[in-house]
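The values are calculated or read from the model by the stated rules, or taken from the named source; none is laboratory data. Everything numeric here is computed off the predicted structure, so don't read it as measured data. Glycine gets a Cβ as well: all are built from the backbone with ideal geometry, and neighbour counts include every protein chain shown.
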Amino acid sequence: MASLHLLQPLHSLSSSSTLFFSQPSFHFSSSLKPNISKRHNLSKSLTLRFALTESDSTQPLETETSPKALLLQLSKSFDLPSDYFQQLPNDLRLDLNDAAFDLSNGPIIDECGQELGETLLNLSRAWEQADTSTSRSLVEKLPELENSLTGGAKSAFGRRLISAGKRFQGMGQYGKGELQKIAKAMITTGKVLSANTSSASVSNEPNSGTRMLKFGNLQVAVTPQKAYTGAAIAFIYGILSWQISQGIQSIPENSLQYANDNALLIGKSLRGSLLALFYASTVLSGFTTAGLILLAKQLSSEEKE
């Protein structure tokens with residue numbers, strides 16, 4: 001009996017110990033389900049938030065690279081002191097004139113339209129006159145004109161901005177780097193405007209092969225007809241120069257009477273100078289005639305292409 005009484009507590013102890021050790025394992029396994037569901041919901045919320053953030057972050061980048069936004073940045077880069085262009089050194093003033101020529105060179109009205117073409121012409125004149133205030137007011141109009149441009153006009157406008165921007169880029173560092181900011185804005189805007197046009201519209205743009213010669217504020221378009229006309233004029237001028245030189249040479253020196261030896265030396269030197277002048281004019285007229293004829297043929301072939 002005593003042994004039975006001793007064994008009974010051991011049996012109850014073993015059973016209780018079994019329950020004691022098995023119970024926590026049950027609660028531990030059951031507590032994993034809510035944690036997994038919470039982590040699953042958390043991952044969903046993080047994925048959703050990341051997707052929303054990513055979709056929102058792409059929208060400002062698209063607006064920042066739009067042509068109108070870039071033109072606004074370009075207008076801000078021209079916010080310079082009123083006498084900025086006038087204070088540029090002479091070599092930079094020449095580069096500024098070159099930028100004006102690249103901006104308005106060629107048939108600008110036909111390529112860019114009436115309103116934008118006139119604006120760019122006025123802007124190039126402002127650069128030539130080193131008028132900073134006028135150039136700033138004209139550049140501020142460009143964002144408003146961008147919406148009314150067609151694909152071909154945008155492409156032509158972009159190419160002109162790139163060409164003029166490279167002129168500003170070649171000016172180097174001056175002042176606080178204002179010229180480089182202008183160059184970067186012009187080149188970036190020009191590339192975006194050119195890239196937005198399709199290759200078909202670019203290939204269908206008029207490529208007349210017209211070239212411009214600029215003499216100060218005067219621009220002359222070089223066409224095949226004008227080149228042939230210039231060749232004819234040069235040919236006639238060459239014939240006249242040859243005839244005059246032959247007339248001077250045909251006069252014998254002994255037929256002229258001089259007051260003294262000094263007058264004789266002066267007369268001979270003058271005769272020699274005139275002969276050299278008209279002979280040189282004849283040769284130059286011949287080269288000019290040949291060059292203009294070749295240029296006219298080249299322009300004609302470019303028009304046919």
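Things worth noting here:
- Consider the range 75-106 and keep the residues that are acidic (Asp, Glu) and outside any loop (DSSP other than H, G, I, E, B). The one that is surrounded by the fewest Cβ atoms within 10 Å (Cβ to Cβ) is Asp91.
The rows are residues; the columns are (1) closer than 21 Å to Pro67 by Cα; (2) in the same structural domain as Phe78 (by TED's automatic domain parsing); (3) modelled with pLDDT of 90 or more.
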position: Ile108; (1), (2), (3): yes, yes, no
position: Trp127; (1), (2), (3): no, yes, yes
position: Ser148; (1), (2), (3): yes, yes, no
position: Lys154; (1), (2), (3): yes, yes, no
position: Met171; (1), (2), (3): no, yes, no
position: Ile187; (1), (2), (3): yes, yes, yes
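- Of the listed requirements (1) at pLDDT 85 or above; (2) out of contact with any Asp or Glu (no Cβ under 9 Å at 6 or more places or on another chain), Ala100 misses just one: (2).
- Filter result for Ile248 (assigned to a helix (DSSP H, G or I), within 30 Å of Ala227 (Cα to Cα) and β-branched (Val, Ile, Thr)): no
- Filtering the range 135-161 to residues that are of a type in the set (Val, Ile, Thr) and either in contact (Cβ under 8 Å) with a residue 60 or more places away in the chain or crowded, with 17+ Cβ neighbours inside 10 Å (or both) leaves only Val139.
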